[in-house]
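This report refers to the structure that appears directly beneath it.
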Amino acid sequence: MASSIDIGGYFELEIPKANTLVSTTNTMVQNQSSSGLLKSGRIALKTITQLASIKELRIPYFGCQVIEDVLKASDISYSFYEIDDQLEIIDPTYTVDIHYLYINYFGLKRQYARNLSESLKDNVIIDNTHDFLGASDHFKLSWSFNSMRKFFGVPDGAQLSCPNQQPLDLNTFSRNSQVSFDHLVDRLEYGAQRGYHAFQKNELSLGGDIERSSVFSETILKSIAFDSIRDIRMRNYLYLHERLAETNEFNPHLLELTPGSTPFSYPYLPSTSLTHEYCWGKKLYASRLWPECINISPNPLERRLAGHVIHLPVDHRYNNEVMDQIVKIVTDYGE
Ligand SMILES: Cc1ncc(COP(=O)(O)O)c(C=O)c1O
């Protein structure tokens, strides 16, 4: 009888196996990914709307355009809500027939998202694209999803958790049919600019049909020591906060890290006229989220956040020395 796997022959890309990098949190991810990862956050959201038979959803003005794109493509009605300076929903309505999507902004709103989950139960979808370790048991009454590309050099992958941790068998779906690694290799070999076109091409391929992630991403993710990655992100965040808090006009309460947080970035709302373009010109590729909100939100605070928050990187590639370079770029700018 033929074996179901290819045995012998030339070697596949070498990736260390998870059991050489023991951590409690990657066990969590392995357990979930044993039932599979979906291709992307947007596909996880699409899957949730189908599983929960959602006909109508309340989404934030201050959010990602692809959320709206998913709802439009699936013919789901939606309306927008506003948030306050703590990035919390202004006057949520707690009734059985209203579904919300709430973004755990920048990985800083885990406690609020948990409270929301307890109040709204399976009527809320927690968007954890900014908190990859926002373990589903924190939001166990609700739907939640994340997006692995926001934290790691993988081409795809997103976890989806159902209310009450009901298991979800993704084996009926095929694998990502357009997976591409060019941007990841170019970023490694040549720096950020050369691979940008390939990066955008990969981003565009992440919608469409419901598909599982590539085996490549699942294998890489199983090799990662998530605890140490979280610790580095926290350390870098606190290092920047110590040096930039005085000139950061975000609500100080929001910027306090709760234990176990995995911040997405250090969100910096400068008291000066520092711009994203200035940072990019200094090769500091700090992202801007989400400029399209400027055209749709009636709320001046949200428009300001969308235009001016500079997401300073705090990820595991970097140490104090790089954080010092970031601080220097930001503070040298002046007024
Ligand atoms: C808040 C938010 N939700 C959902 C998504 C969609 O995730 P993905 O790009 O993995 O589809 C994104 C990013 O694009 C996002 O920023």
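Couple of notes before you dig in:
- Count of region 268-278 residues which are closer than 25 Å to Tyr61 by Cβ and either within 15 Å of the ligand (Cβ to nearest atom) or outside any loop (DSSP other than H, G, I, E, B) (or both): 4
- Residue list for region 193-226, filter: surrounded by fewer than 16 Cβ atoms within 10 Å (Cβ to Cβ) and more than 14 Å from the ligand (Cβ to nearest atom): Gln193, Arg194, Tyr196, His197, Val215, Ser223
- For the residues Gln111, Gln193, the requirement of being closer than 19 Å to Asp315 by Cα and assigned by TED's automatic domain parsing to the domain that holds Pro60 singles out Gln193.
- In region 227-267, the qualifying residues are those that are among the polar types (S, T, N, Q) and open to solvent by 10 Å² or more (accessible area, probe 1.4 Å), and the one that is nearest to Arg114 (Cα to Cα) is Thr258.
- Positions within region 137-159 being of a type in the set (S, T, N, Q) and more than 8 Å from the ligand (Cβ to nearest atom), in sequence order: Ser142, Ser144, Asn146, Gln159
- Arg288 falls short on exactly one of the conditions (1) in contact (Cβ under 8 Å) with a residue 40 or more places away in the chain; (2) surrounded by 15 or more Cβ atoms within 10 Å (Cβ to Cβ); (3) within 16 Å of the ligand (Cβ to nearest atom), and that condition is (1).
- Output for region 231-253, where each listed residue is in contact with a strand residue (DSSP E or B) (Cβ under 9 Å, 6 or more places away or on another chain) and closer than 14 Å to Arg304 by Cβ: Asn248, Glu249, Phe250
- Within region 102-119, the residues that satisfy the criterion of being out of contact with any Leu (no Cβ under 6 Å at 6 or more places or on another chain) and either of a type in the set (Gly, Ala, Ser) or open to solvent by less than 10 Å² (accessible area, probe 1.4 Å) (or both) are Ile103, Asn104, Phe106, Gly107, Ala113, Leu116, Ser119.
- Pick from region 74-92, criterion free of Cβ contacts under 8 Å to residues at least 24 places away in the same chain and not in a strand (DSSP E or B), ranking: farthest from the ligand (Cβ to nearest atom): Asp91
- Exactly one residue among Asp186, Asp122, Asp97, Asp182 is surrounded by fewer than 18 Cβ atoms within 10 Å (Cβ to Cβ), more than 21 Å from Glu56 (Cα to Cα) and modelled with pLDDT under 95, and that residue is Asp182.
- Residue identified as assigned to a helix (DSSP H, G or I), at pLDDT 75 or above and either in the same structural domain as Ser261 (by TED's automatic domain parsing) or in contact with a helix residue (DSSP H, G or I) (Cβ under 7 Å, 6 or more places away or on another chain) (or both) among Ile67, Ile59, Ile43: Ile67
- Residue in region 25-37 that is at pLDDT 95 or above and assigned to a helix (DSSP H, G or I) present: no
The values are calculated or read from the model by the stated rules, or taken from the named source; none is laboratory data. Since the model is a prediction, treat every value here as computed from it, not as a measurement. Cβ sites come from the backbone with ideal geometry, for glycine too, and all protein chains shown count toward neighbours. Calculation scope for accessible area: heavy atoms of the full protein, side chains included, ligands and nucleic acids excluded. Shrake-Rupley method; radii C 1.70, N 1.55, O 1.52, S 1.80 Å.
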